[in-house]
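> My questions all concern the structure below.
The values are calculated or read from the model by the stated rules, or taken from the named source; none is laboratory data. A quick note: this is a predicted structure, and the numbers were derived from the prediction, not measured. For neighbour counting, all protein chains shown are included, and Cβ atoms are generated from backbone atoms with ideal geometry for every residue, glycine included.
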Amino acid sequence: MLVLAVVPACDRLFELRHFPDASPVESVDARGPFDDAPLVPDGLIAHYTMEDAANGVVADIGGHMHDAHCATGSGTCPMQATGRILGGLDFDGQTNRIDVLAGGELETVAGFTVTAWLRLASAPSGSNMCPFQKIYGTADLNTWQLCVSPIAIPNFITQSAQGLDELYAPIANTIVVGQWYHVAIRMDATGVKTMSVNGADVASHAAMPAIYDQSPVTFGADRDGGVTAVGFPGTLDEIRIYNRVLSQNEIAMLAQAP
C-alpha cells in the first residue's frame with residue numbers, strides 16, 4: 001500500500017515517506033532531528049532555537065509562549081550567525097541582550113534545568129561573561145546564572161535567602177575561544193546543584209534552595225540595576241529551560257548534536 005504523508009509543523013519542511021503497508025505513518029523532519037524536534041520533552045517549558053531575532057523577537061518554539069524580546073534601547077538585538085545546529089545568535093558582549101518575561105511557570109521552585117550550546121568569540125578580559133540567567137530583584141542578584149569566569153571556567157551561580165553560592169567547573173573544562181560547548185545547569189528543590197559540560201557532569205554540591213521573583217530571564221548578558229552588564233561575547237544556540245532536574249543521560253542526549 002502506498003501512503004504519502006505531509007505533516008506541517010512550525011513552517012518546517014517535511015519529507016514524503018513511502019510505506020509498504022498500512023502501518024502508522026511516520027513523518028521525518030528534513031532539516032534534521034535537532035531543529036525543533038522535542039528531544040527530552042518532559043518538563044520542557046521554553047525552547048529557543050536562536051535562529052533569528054526577526055522584529056526583535058526570539059521565538060519560544062516549545063509551545064508555552066515565552067518568547068524573548070530584544071532589550072529596550074538601540075543596539076540590543078544580537079546578529080544572526082552560524083549556530084551549532086543550523087542558525088544561532090551572535091552577541092557582542094556589550095549591548096546585546098534579550099529578555100524573557102518571567103513569572104508563572106518560569107519560577108521553577110521545584111527544580112530546574114537549563115541547557116544551551118555556546119561558543120566564546122574572545123578571551124575573558126578580567127570580568128565574568130554571562131550567557132544566561134534568571135534575574136532576582138532590581139539590583140545585581142540572580143536566582144540562577146551561568147557565567148564564564150575571568151579565567152574561562154564555567155561558573156554556576158545561585159542566590160538563596162542565605163546568600164550567593166558559586167559552583168565552578170574544574171580547570172580541565174576551560175572554555176576555549178572558537179569552540180562549541182554544550183553546557184547544562186540544574187538544581188533540585190533542596191538546593192543540590194550540578195553542572196554538565198558536553199554531556200558529562202563535571203561539578204556538583206549541595207547549596208541552599210534558590211529564591212525567585214517575577215524578574216525576567218535574560219540571554220547574552222545580565223541586567224544589573226536595569227543596565228546591561230557582564231555580557232557574553234559569542235554565539236548561543238538551542239537554549240532549553242525545564243521545570244525539573246534532568247538526568248545525566250538526558251543531558252548527554254541533548255549534547256549529541258549532528
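> Looking only at strands (runs of 3 or more DSSP E) that fall completely inside the range 67-110, which ones have 3 or more residues that are within 22 Å of TRP180 (Cβ to Cβ), assigned by TED's automatic domain parsing to the domain that holds LEU236 and modelled with pLDDT of 95 or more?
79-82, 87-92
> Take residues that are among the polar types (S, T, N, Q) and tell me which of the strands (runs of 3 or more DSSP E) falling wholly in the range 166-258 contain 2 or more.
Per the criteria, 192-197.
> Name the single residue, out of those in the range 106-125 being over 29 Å from GLN256 (Cβ atoms) and in contact (Cβ under 8 Å) with a residue 60 or more places away in the chain, that is surrounded by the most Cβ atoms within 10 Å (Cβ to Cβ).
Out of the qualifying residues, it is GLU107.
> Can you go through SER149, SER125 and tell me which one is at pLDDT below 95, assigned by TED's automatic domain parsing to the domain that holds SER196 and of a type outside the set (Asp, Glu)?
Step by step, each of SER149, SER125 is checked, and only SER125 is at pLDDT below 95, assigned by TED's automatic domain parsing to the domain that holds SER196 and of a type outside the set (Asp, Glu).
> Can you tell me how many residues within the range 71-113 are touching a helix residue (DSSP H, G or I) at 6+ places or on another chain (Cβ under 9 Å) and hydroxyl-bearing (Ser, Thr, Tyr)?
2
> Let me ask another. In the range 82-105, which residues are hydrophobic (A, V, I, L, M, F, W, C) and buried (at least 19 other Cβ atoms within 10 Å of the Cβ)?
If the condition is that a residue be hydrophobic (A, V, I, L, M, F, W, C) and buried (at least 19 other Cβ atoms within 10 Å of the Cβ), then ILE85, LEU89, PHE91, ILE98, VAL100, ALA102 are the ones that fit.
> Go through SER196, SER160, SER204, SER215 for me and flag whichever is of a type in the set (Ser, Thr, Tyr), under 25 Å from THR95 (Cα atoms) and either surrounded by 14 or more Cβ atoms within 10 Å (Cβ to Cβ) or at pLDDT 95 or above (or both).
SER215
> Being assigned by TED's automatic domain parsing to the domain that holds TRP180, within 15 Å of the chain's Cα centre (by Cα) and modelled with pLDDT under 95: is that true of GLY62 here?
For GLY62, the condition - assigned by TED's automatic domain parsing to the domain that holds TRP180, within 15 Å of the chain's Cα centre (by Cα) and modelled with pLDDT under 95 - is met.
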